[in-house]
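Just below is one structure, and these are the notes that go with it.
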Amino acid sequence: MRKMFVPVFMVLMFTAVTVSAQSSPDYNGTWVLDTQKTKLDGRIRIESMTLKIRDRVTEVTRETVTNRGGRGGGPSARGMGGGLGIRDGVETFSMDGREKSIVEEGPRGPMRVRVRGKREKDGRIVISTSRNLNVQMGEVELSTKETWSLSSDGKTLTVKAELSSPLGST
């Protein structure tokens, strides 16, 4: 079983490699995880993580690449961002606040994922996902809620991620 059932609370701090300027919060750019400023559960290993974000106001596309180190040393092929609930690969989120259902490949085949993205009035982005997984103990639900915010200078992206599973919430 993957570590995705480990309850986690973390704050990820990313530094902008490239960011374009605009008057409202602009998440566009390539963001590199600052491991010195990141607060992770001690059981999660991440050597590096990069997010490439394309913010088109009505939808946001995120490409995630995670290097977990001790697990083969390279980027994960389809991991959960080192146990964070942030999946490696490309994901697009509509910012209309309505829940949408998608199908993605999981460790035991295709699974239905409910996704909701919303841009708050203060400029924060909130992305919620919920997955139903079939495991030895039956069907379980794994939910994540990410809240993205930018520093006042637009150079630091903070992602607060909360994970909820049968083992509890954080």
>> Being open to solvent by less than 20 Å² (accessible area, probe 1.4 Å) and in a loop (DSSP other than H, G, I, E, B) is the filter here; which residues of the range 98-126 pass it?
In response: 123
> If you check every pair at least six apart or on different chains, which have Cβ atoms under 9 Å apart with a residue in the range 11-40 that is on the phi > 0 side of the Ramachandran plot first and a residue that is surrounded by fewer than 16 Cβ atoms within 10 Å (Cβ to Cβ) and modelled with pLDDT under 85 second?
Replying inline: 29/17; 29/18; 29/20
>> Among the listed residues 158, 129, identify the single one that is among the β-branched types (Val, Ile, Thr), closer than 24 Å to residue 54 by Cβ, touching a Gly at 6+ places or on another chain (Cβ under 9 Å) and assigned to a strand (DSSP E or B).
In response: 129
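The values are calculated or read from the model by the stated rules, or taken from the named source; none is laboratory data. Given the structure is predicted, the values throughout are model-derived calculations rather than measurements. Positions of Cβ are generated from backbone atoms using ideal geometry, with glycine treated the same way; all protein chains shown enter the neighbour counts. Calculation scope for accessible area: heavy atoms of the full protein, side chains included, ligands and nucleic acids excluded. Shrake-Rupley method; radii C 1.70, N 1.55, O 1.52, S 1.80 Å.
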